[in-house]
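Let me begin by presenting the structure, written as C-alpha cells, before commenting on it.
Bear in mind that the values in this text are calculations on the coordinates, not laboratory data. Quick caveat: nothing in here was measured; it's all calculated off a predicted structure. As a convention, Cβ positions derive from the backbone with ideal geometry for all residues, glycine included, and neighbour counts pool all protein chains shown.
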Amino acid sequence: MMVAVMLNEEHVSYDGGCQCSAVRFRGTGTPKWTAHCHCKDCRKSSAAPFTTYASFANENFQWIGAAPAVYASSLNVTRRFCGNCGTSMSYESDRWAGETHIFVATLDDPEALPPRLHAYVVDQLSWVRTDDGLRRYHQTVAEGGPLPK
Ligand SMILES: [Zn+2]
Ligand SMILES: [Zn+2]
C-alpha cells in the first residue's frame, strides 16, 4: 500500500549555540514569533544596542551539550548564558510561560528567522536608526500598537 509522506513542519529545526560551542540548542517547528527588543534589560544582557529573539514553545525546544548557567535578571525572569564563554543564550519569564526565547544571532543560520517587528521602542537608543519597514510597538503587541511610522 502506498503511504503518502507528509512533510511535517515539526521536522524543521533551528540549531544554534554559544561562541565556544559548549552550549548548543535546537528549536523545531515554527517559532511563535520573532522580534527585535530594545528594552534596557535586553540591552544590558546582550551587550548590544538591541537584540533579536525567536520564541519557541518549550515542547519544541531542547538544550544540547553543557547546561547553560542561570541568572535571574528580575522577578520571574530567567536568563541563561554559557558558563564558559559568557554568551547570552535565552530568556524565560512567567509572562511568557512555556516559551523559551533564544537570540537569533546565536543560530547557526541567523538568516533563517528574520525579525517581524520592533518591541519596546520606548527604550530605543536615539542613535539606533532603523529603516526596515517593520511594525514598531511602544512595548509589546499586548500593550497596543503598532505606532504610526
Ligand atoms: Zn560557550
Ligand atoms: Zn527586552
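Just to be sure I understand, how many residues within the stretch 57-71 are part of a strand (DSSP E or B) and within 16 Å of ligand 1 (Cβ to nearest atom)? The qualifying residues number 6.
Across the stretch 115-149, which residue is farthest from ligand 2 (Cβ to nearest atom) among those that are aliphatic (A, V, I, L, M) and loosely packed, with under 15 Cβ neighbours inside 10 Å? So, considering only residues that are aliphatic (A, V, I, L, M) and loosely packed, with under 15 Cβ neighbours inside 10 Å, the one farthest from ligand 2 (Cβ to nearest atom) is 147.
Is it fair to say residue 112 is surrounded by fewer than 17 Cβ atoms within 10 Å (Cβ to Cβ), closer than 13 Å to residue 14 by Cβ and more than 11 Å from ligand 2 (Cβ to nearest atom)? When the stated conditions are applied, residue 112 passes them. Being surrounded by fewer than 13 Cβ atoms within 10 Å (Cβ to Cβ) and either under 11 Å from residue 46 (Cα atoms) or of a type in the set (Val, Ile, Thr) (or both) is true for just one of 64, 102. Which residue is that? Only one candidate qualifies: 64. Considered as a group, the residues in the stretch 30-45 that are touching a residue at least 40 places away in the same chain (Cβ under 8 Å) and touching a helix residue (DSSP H, G or I) at 6+ places or on another chain (Cβ under 8 Å) include one that is nearest to ligand 2 (Cβ to nearest atom), and that residue is 39. Looking only at the stretch 14-32, residues that are on the phi > 0 side of the Ramachandran plot and among the polar types (S, T, N, Q) come to 1 in all.
Results for (1) among the polar types (S, T, N, Q); (2) within 13 Å of ligand 2 (Cβ to nearest atom); (3) out of contact with any strand residue (DSSP E or B) (no Cβ under 7 Å at 6 or more places or on another chain), shown as yes or no for each residue.
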residue	(1), (2), (3)
71	no, no, no
74	yes, yes, yes
82	no, no, no
86	no, no, yes
89	no, no, no
99	no, no, no
106	yes, no, no
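From the list 35, 54, the one residue that fits, being surrounded by 15 or more Cβ atoms within 10 Å (Cβ to Cβ), touching a Ser or Thr at 6+ places or on another chain (Cβ under 6 Å) and part of a strand (DSSP E or B), is 54.
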